[in-house]
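Chemist: Here it is: the structure, laid out below.
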Amino acid sequence: MRLLQFGFLVALASGLSAILIYIAGVSNLNAIHQLSHEDVEALESLQSSFRKCVNANGLGLQAVTGNDYCQVIINFPSDTVPKWKDPKTGELEGLSFEFNLCEAVATWEQVRNSTTVLTREFIDALPNGWEDYAWRRINKGILLNHCQNKTLCVEKLSLVLPETPPYVPRQFDRCAVIGNSGDLLKTRFGKEIDGYDAVVRENGAPTQNYTDYVGKKSTFRLLNRGSAKALDKVVELDETRTETLIIKTTIHDIMNKMIQEVPINNPVYLMLGASFGSAAKGTGLKALEFALSICESVDMYGFTVDPGYKEWTRYFSESRQGHTPLHGRAYYQMMECLGLIKIHSPMRADPDRVVKWVPSSTTIRAARVASEKLLRRVGAGSEDPLAACSIRKKQVRRSTVISSLRKAAVEHRKFVKGTTLYPLEHSLGHGMVCTLPTD
Ligand SMILES: *[C@@H]1O[C@H](CO)[C@@H](O)[C@H](O)[C@H]1NC(C)=O
Ligand SMILES: *[C@@H]1O[C@H](CO)[C@@H](O)[C@H](O)[C@H]1NC(C)=O
Ligand SMILES: *[C@@H]1O[C@H](CO)[C@@H](O)[C@H](O)[C@H]1NC(C)=O
């Protein structure tokens with residue numbers, strides 16, 4: 001490692017070609033050839049601010065850089081006592097977590113310009129969208145015979161499938177995502193939370209009887225399969241019955257039930273997902289993903305992210321079985337230090353807390369472009385906002401109410417020329433499905 005660092009200094013001194021040779025030794029040869037001097041500098045600069053940011057804001061977490069321009073390792077203090085055991089192996093959770101900053105910065109920045117709600121136009125744009133995707137995702141239990149009768153299929157699915165996205169990127173200004181951690185009872189964030197433009201809650205989280213701690217406002221509720229099955233109970237949690245429900249998983253059985261028996265007036269949508277690997281299975285991270293796809297800024301409350309983890313608690317019920325608490329805390333700290341979210345917790349309760357050393361938007365942008373090249377993403381490094389579209393389809397748009405949108409949302413729509421971009425699941429180069437306006 002020493003030697004490599006020295007090697008890098010020498011390379012810097014002797015110019016671009018030497019740099020290429022140096023990096024080629026530690027990383028992917030072909031991809032590196034596409035990196036310019038500026039790209040390399042951007043990745044270095046990202047890593048450097050990132051490290052300072054974690055060390056300054058992580059309440060004891062320390063970030064160190066790994067073997068290449070992407071790898072970082074976040075370490076917990078050595079006296080941290082891990083409590084969570086992997087039920088399969090019986091092993092305690094480790095104190096050291098490796099992350100790929102290039103993956104993270106490229107993928108999360110893409111989320112900010114994507115639509116994460118499943119729509120009819122998305123299914124229409126996919127090859128065999130109705131027979132294959134819709135059937136696998138929504139339909140299996142309804143025996144619609146692979147959607148062969150598309151009219152019938154669309155009719156049944158219209159309950160959860162809007163024609164076009166109900167929300168667009170940057171539609172909301174400041175958003176809060178509220179987890180269900182018992183830590184929420186240690187502070188009174190209620191008033192602060194109610195001051196956001198949109199509030200995203202999760203699963204069976206009540207507000208009644210807890211408003212001092214968690215606030216009253218509730219704009220969206222993200223549901224995992226278990227909660228979605230109890231949809232009738234979930235809608236009662238919001239007295240105003242105006243919350244929008246977003247279901248994150250495959251839902252054939254739930255669809256059956258909804259179609260047949262549950263009278264709900266709330267809008268219900270399904271979520272599409274980009275893939276963030278194993279870190280991103282929980283409802284919490286999905287809620288952040290959803291919020292990042294429609295909000296200018298995202299603040300996080302009610303996640304267990306302070307030192308001294310003892311057990312998985314919820315503010316409204318007994319403690320329960322959780323999963324990978326230390327990994328989660330490290331991952332959220334990474335998100336904060338990529339400028340994606342701001343963490344609020346009992347130990348970070350000052351609403352005016354400034355997150356120190358967050359990489360600037362210029363650094364993030366340059367590092368994102370370099371990461372796309374390094375990871376060989378579809379359309380990497382292109383100036384064209386639609387370069388990542390691996391599937392394009394023209395779509396007749398009924399007039400959407402653009403006039404009421406925030407300025408930033410309108411500007412973004414202009415930037416993408418009125419196109420809607422959806423993540424294409426399981427796509428190697430993270431290509432997108434794009435629906436373009438006709439004319
Ligand atoms: C398809 O479903 C629609 C709506 O239920 C029905 O009217 C139509 O007859 C069906 N078509 C075929 C070919 O079964
Ligand atoms: C709030 O408290 C009242 C009185 O104890 C109780 O009846 C009600 O079920 C509680 N509501 C929730 C959502 O826990
Ligand atoms: C997302 O959109 C903004 C403009 O609103 C643009 O500056 C940025 O480069 C886009 N990011 C990606 C990953 O396409």
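Chemist: Go through 344-350, 367-373, 242-248 and give me the packing order, highest mean Cβ count within 10 Å leading.
Modeler: Order by mean packing, descending: 367-373, 242-248, 344-350.
Chemist: Counting only DSSP beta bridges with both residues in the stretch 387-438, tell me the antiparallel percent, nearest 5.
Modeler: 40
Chemist: Another question, then. Along the stretch 352-357, what does the Karplus equation 6.51 cos²θ - 1.76 cosθ + 1.60 (θ = phi - 60°) give for ³J(HN,Hα), rounded to whole Hz, x for Gly and Pro?
Modeler: With coefficients 6.51, -1.76 and 1.60, one gets 9, 3, 9, 7, 7, 6 Hz.
Chemist: On a 30 Å Cα-Cα criterion, which of the cross-link pairs LYS356/LYS417; LYS88/LYS186; LYS342/LYS407; LYS85/LYS229; LYS156/LYS414; LYS342/LYS414 come out too long?
Modeler: Checking Cα-Cα distances, LYS356/LYS417; LYS88/LYS186; LYS156/LYS414 exceed 30 Å.
Chemist: Excluding same-chain residues fewer than 8 positions from LYS150, which lysines have a Cα within less than 21 Å of its Cα?
Modeler: Once the sequence-local lysines are set aside, what remains near LYS150 is LYS140, LYS257, LYS393, LYS394.
Chemist: Averaging sequence separations of C-alpha pairs under 8 Å and six or more residues apart, then dividing by the length of the stretch 387-438, give the relative contact order as a whole percent.
Modeler: So the answer I get is 56 percent.
Chemist: Using each residue's phi in the stretch 84-89, evaluate 6.51 cos²θ - 1.76 cosθ + 1.60 at θ = phi - 60° and report the 3J(HN,Hα) Karplus result to the nearest Hz, with x for Gly and Pro.
Modeler: 8, 10, 5, x, 7, 9
Chemist: Go ahead and run the numbers for FRET between ASP79 and GLU383, Cβ-Cβ distance against an R0 of 41 Å, rounding to 0.05.
Modeler: That pair, ASP79 with GLU383, gives E of 0.25.
Values quoted throughout were computed directly from the atomic coordinates according to the rules given, and no laboratory measurement underlies them. This one's a predicted model, so the numbers in the text were calculated from it and none came from an experiment. All Cβ positions, glycine included, derive from the backbone under ideal geometry; neighbour counts span all protein chains shown.
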